[in-house]
Amino acid sequence: MKRYISALCTMLVCSMLVTSCLKDSDEKNVQYYNDTAIATFKLATVNRYVHTTSSTGADSVYKSTLSDPVVFTIDQQQHKIYNTDSLPSDVDINHVLATITSKNSGTVVVNYPASDGQDSLLYYNSTDSIDFEKLQDLRVYAQDGSGYRSYKVTINIHKAQTNKMIWEQKSIADLPIDTKKTMWEQIAINAGMKQLIGYGTVETYAYNNEDQLMVSRDNGETWTADSLDEDATWLPTENFAFVSWPFAANDSTDYQLLVGVNNNNSTACVVWRKIAEYSKHSMPSKWVLIPPADHGKYYLPKMDNLNLVRFNSAVLAIGTDKKIYVSRDQGITWKTSSKYTLPDELGTNNLSATTDDDGYLWLVGIDTGEVWRGMIIE
């Protein structure tokens with residue numbers, strides 16, 4: 001954007017007059033168009049400056065590039081360009097590389113307001129950054145110099161902070177109801193099970209009256225003892241939680257975690273995992289105990305009223321110690337993060353947690369009845 005335009009229209013007209021005097025070997029005249037428009041508009045490079053807080057409370061900022069494509073709408077009637085999906089709040093719109101094309105080879109020009117109130121016009125170049133905070137308009141000049149179209153560019157940005165939990169208080173009527181869980185609880189009771197553990201796509205689990213881990217693969221008609229790779233005395237005996245989600249590495253497969261309190265470990269929850277395959281020729285799989293040593297110092301502490309949910313491509317554990325523990329390695333390590341926090345105004349630690357199909361995390365105060373809905377804007 002280093003070359004200023006002092007008399008763009010004059011230059012275009014002069015160029016047209018000079019070229020019109022020249023004829024190629026076939027004596028054909030060069031044609032110039034009087035119609036043009038912005039044909040495409042997209043952001044090629046947008047930088048982000050993400051704020052993070054370490055476990056010691058130290059603040060830091062790192063630079064990254066927005067990876068998701070941003071779709072812009074070009075309203076040719078109203079001469080407006082805008083994005084309907086807002087960008088994260090931490091993007092830098094003062095130094096953006098944009099890719100812009102025009103109809104009939106029109107000349108694209110960036111217009112910044114000058115200090116004297118006049119227009120300050122710069123030729124568009126795809127390798128020069130544009131300051132969209134100062135931009136007055138984009139112009140595209142017709143090839144024959146007869147005029148130009150002006151476009152107002154609006155880049156919508158989230159006002160809420162990104163990369164951090166955002167909570168809003170809701171009513172009990174807003175809470176999604178897990179009818180499938182209610183159905184399975186009744187099926188387990190009817191089958192004589194002591195307590196439902198949880199369910200995946202095909203397999204459902206429960207404890208029987210002898211505290212055996214049972215599985216049903218036929219919608220609760222029959223129940224059999226499930227396979228374990230370790231002694232059953234390491235199973236969680238109380239305050240357990242379960243979560244299941246589709247395993248991305250294989251089709252027709254669920255990845256499942258069962259965690260909870262066991263007296264064999266005085267400080268940490270025991271963590272079991274199972275990769276349950278249910279394609280036609282799959283072999284039966286078994287529950288595997290993740291050895292306590294594998295957790296290192298990042299273990300899931302024992303706590304009351306434990307919940308497990310799959311949220312934002314991670315597993316979250318929420319109990320009564322006012323923290324959210326995050327596992328990004330399928331249950332091996334558990335860490336707290338400034339990204340995942342409980343509502344500041346939360347009136348209880350006795351919580352029930354669930355998620356919905358729209359990507360929200362829901363909390364319910366068991367003793368207060370309060371309902372919170374949380375989300376993260378990346």
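Among the listed pairs Lys164/Lys322; Lys180/Lys280; Lys159/Lys302; Lys194/Lys274; Lys194/Lys322, give every one whose C-alpha distance is greater than 26 Å.
Working: Lys164/Lys322 16 Å; Lys180/Lys280 24 Å; Lys159/Lys302 38 Å; Lys194/Lys274 21 Å; Lys194/Lys322 30 Å.
Those over the limit are Lys159/Lys302; Lys194/Lys322.
Once both labels are positioned 7 Å from their Cα atoms along Cα-to-Cβ, the gap between Trp245 and Leu97 label points is 3.3 nm. Between Val153, Thr182, Thr73, whose Cα lies farthest towards the positive end of the dipole of the chain when Lys and Arg beta carbons carry +1 and Asp and Glu beta carbons carry -1, centred on the Cα centre? It is Val153.
Under a Gaussian network description of the chain, with springs only between Cα atoms under 10 Å, the residue in Ala249, Ala191, Ala268 that fluctuates furthest is Ala249. For Val70, the residues whose amide H sits under 5 Å from its own are Leu43, ignoring neighbours fewer than 5 places away on the same chain, with H placed 1.01 Å from N. Enumerate the amide H contacts of Thr355 below 5 Å, restricted to partners 5 or more residues apart or on another chain; note that Pro and chain-start residues carry no placed amide H. For Thr355, whose amide H was placed from the backbone, the distant partners under 5 Å are Trp362. Largest GNM mean-square fluctuation among Thr45, Thr179, Thr107, using the chain with Cα springs under 10 Å: Thr179. With the whole protein complex present, Arg273 retains an accessible surface near 80 Å², based on a 1.4 Å probe. Residue by residue, the stretch 269-285 carries 3J(HN,Hα) couplings of 5, 7, 10, 10, 9, 9, 9, 9, 9, 9, 6, 4, 10, 6, 8, x, 9 Hz when phi is fed to the Karplus relation 6.51 cos²θ - 1.76 cosθ + 1.60 (θ = phi - 60°); x denotes Gly or Pro. Measure nothing but the geometry: give the 0 to 90° angle between the long axis through the Cα atoms of 8-20 and the longest principal axis through the Cα atoms of the chain, rounded to 10°. Once rounded, the angle reads 60 degrees. Here P(r) over Cα pairs in 20 Å bins from 0, in percent was calculated from the structure, and among [x] 26, 53, 18, 2, 0; [y] 22, 38, 23, 15, 3; [z] 25, 50, 23, 2 it sits at label [y]. Think of each Lys and Arg Cβ as +1 and each Asp and Glu Cβ as -1; about the Cα centre, that makes the dipole of the chain roughly 960 debye. Here the Karplus relation 6.51 cos²θ - 1.76 cosθ + 1.60, evaluated at θ = phi - 60°, turns the backbone of the stretch 103-114 into coupling constants of 7, 6, 6, x, 8, 8, 10, 9, 10, 9, x, 8 Hz, with x for every Gly and Pro. Net length available on complete extension from Asp211 to Thr73 is 43.7 nm, with 0.36 nm assigned per residue and the Cα-Cα distance removed.
Residues whose amide H lies under 5 Å from that of Thr320, counting only those 5 or more places away or on a different chain, are Asp304; hydrogens are built 1.01 Å from N in the peptide plane.
Size descriptor for the stretch 181-304, Kirkwood hydrodynamic radius: 15.0 Å (Cα pairs only, one decimal).
Couplings 3J(HN,Hα) for the stretch 347-362, derived from phi with the Karplus relation 6.51 cos²θ - 1.76 cosθ + 1.60 (θ = phi - 60°), are x, 7, 9, 8, 10, 10, 10, 7, 10, 10, 6, 9, x, 9, 9, 10 Hz, where x marks Gly and Pro.
Short-range pairs are left out: with C-alpha atoms under 8 Å and at least six residues apart, the relative contact order of the chain is 13 percent. Relative to the dominant Cα principal axis of the chain, helix 179-190 is inclined by about 10°. Based on the Cβ-Cβ distance from Met183 to Asn305, what FRET efficiency comes out when R0 is 25 Å, to the nearest 0.05? Given R0 = 25 Å and the Cβ-Cβ separation, E is 0.60.
Assuming 0.692 mPa s and 37 °C, estimate D for the stretch 121-261 with Stokes-Einstein, Rh taken as the Kirkwood radius over Cα pairs, in µm²/s.
On the way: Rh = 21.2 Å.
The estimated diffusion coefficient comes to 155 µm²/s.
Take every Cα-Cα pair in the stretch 247-366 and report what % of them are more than 23 Å apart. Roughly 35 percent, once rounded to a whole number.
With the whole protein complex present, Met283 retains an accessible surface near 140 Å², based on a 1.4 Å probe.
Nearest 500 deg cm²/dmol is fine: what mean residue ellipticity at 222 nm does the chain get from its DSSP H runs of n ≥ 4 alone, each adding -39,500 (n - 2.57), divided by its residue count?
On the way: 3 runs with 29 residues, N = 378.
Calculated mean residue ellipticity at 222 nm is -2000 deg cm²/dmol.
Springs between Cα atoms under 10 Å define the GNM used for the chain, and in it the highest mean-square fluctuation of Gln143, Gln77, Gln186 occurs at Gln77. Each of Ile377 and Lys134 was given a label point 7 Å from its Cα along the Cα-to-Cβ line. The distance between the two points is 2.6 nm. For the stretch 295-353, the carbon plus sulfur part of the accessible surface works out to 40%, probe radius 1.4 Å. Net length available on complete extension from Tyr82 to Asp218 is 43.8 nm, with 0.36 nm assigned per residue and the Cα-Cα distance removed.
Using the heavy atoms of the protein chains alone and a 1.4 angstrom probe, what is the accessible area of the chain per residue in square angstrom? Walk me through the intermediate numbers first.
On the way: 20810 Å² over 378 residues.
Solvent-accessible surface per residue comes out at 55 Å².
Compute the whole-percent fraction of alpha carbon pairs in the stretch 290-333 spaced more than 13 Å apart. The proportion of pairs with Cα distances above 13 Å equals 52 percent.
The values are calculated or read from the model by the stated rules, or taken from the named source; none is laboratory data. What you see is a predicted model, and the numbers here were worked out from it, not measured in a lab. Backbone-built Cβ (ideal geometry, glycine too); neighbour counts: all protein chains shown. Note: areas computed on protein heavy atoms with side chains; ligands, DNA, RNA excluded. Shrake-Rupley method; radii C 1.70, N 1.55, O 1.52, S 1.80 Å.
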